[in-house]
Amino acid sequence: MLRLVTLVTALALTACSARSLPNHGATAETSDQPAPAAADQDVRQFLRQEYRDWLPLQYALAEYDLDGDSRSEAIVHVVSRDLCGSGGCVTLVLTRDGPGWRKVARVTVSRTPVAVLHTATNGWHDISMRIGGGGLASGTAVLRFDGEAYPSNPTLPPAETTDALGTVLLAEEPALMELPLTKASGE
């Protein structure tokens, strides 16, 4: 019965994702960078530690070198009944820190698609994501790096609205990977 409730909840959250948001004429390119298996295992470990009280959850993962250091950051859209609401879910931007990851952003009320823009602020590419729901007007927000982090809420300043979407890293309906309550073999 618990499995059935978990499955129904996951399907309902997926249905509430950004797919119902209008495009507003934004144009986008799509990134062809698949997430390597090693990065996925590292991200799974990070999520298990960071969100152990919110398991099971689902996530979508993309990698992109946001700061130009030739090492990709991880962009992770996390979907869980406890982390999502009518305004969206949580998107993380993680950068390598030794053998693990360090959070550069924990963006709440975020929706997909998540994209990278060709512009940069303080040496990091600007990112964009959809916003809407929860009584908010639908649109696209641009988040700029302040020297330490990206803004945590795309609906409040210093985030701004934009018509540019950029190169899509996480699609409007991304393939979600499962992170179950218990570890799978090899994880």
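What follows is calculated from the coordinates using simple rules that are stated; it is not laboratory data. Here the structure is a predicted model, which is why all the values come from computation and not from measurement. In this analysis, Cβ positions are derived from the backbone assuming ideal geometry, glycine residues included, and neighbour counts consider all displayed protein chains.
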Enumerate the calculated ³J(HN,Hα) couplings along the stretch 144-149 in order (Karplus 6.51 cos²θ - 1.76 cosθ + 1.60, θ = phi - 60°), each rounded to whole Hz, writing x wherever the residue is Gly or Pro.
10, 6, 8, x, 10, 7
Search the structure for amide H atoms under 5 Å from the amide H of Leu66, placed 1.01 Å from N in the peptide plane, and list their residues when 5 or more places away or on another chain.
Glu73
Likely footprinting exposure, Met177, Met129, fewest C-beta neighbours within 10 Å first
Met177, Met129
Here the gain from full extension of Glu50 to Ala164, 0.36 nm per residue of separation minus their alpha-carbon distance, amounts to 37.9 nm
Within-10-Å neighbourhood charge of Asp65 [Cβ basis; K, R +1; D, E -1]:
-3
Using θ = phi - 60° and the Karplus form 6.51 cos²θ - 1.76 cosθ + 1.60, what ³J(HN,Hα) does each residue of the stretch 110-127 get, whole Hz, x for Gly and Pro?
9, 10, 8, x, 10, 9, 10, 9, 7, 8, 9, 9, 6, x, 10, 4, 6, 10
Based only on other Cβ atoms within 10 Å, what is the fewest-to-most ordering of Arg96, Arg71, Arg144?
Arg71, Arg96, Arg144
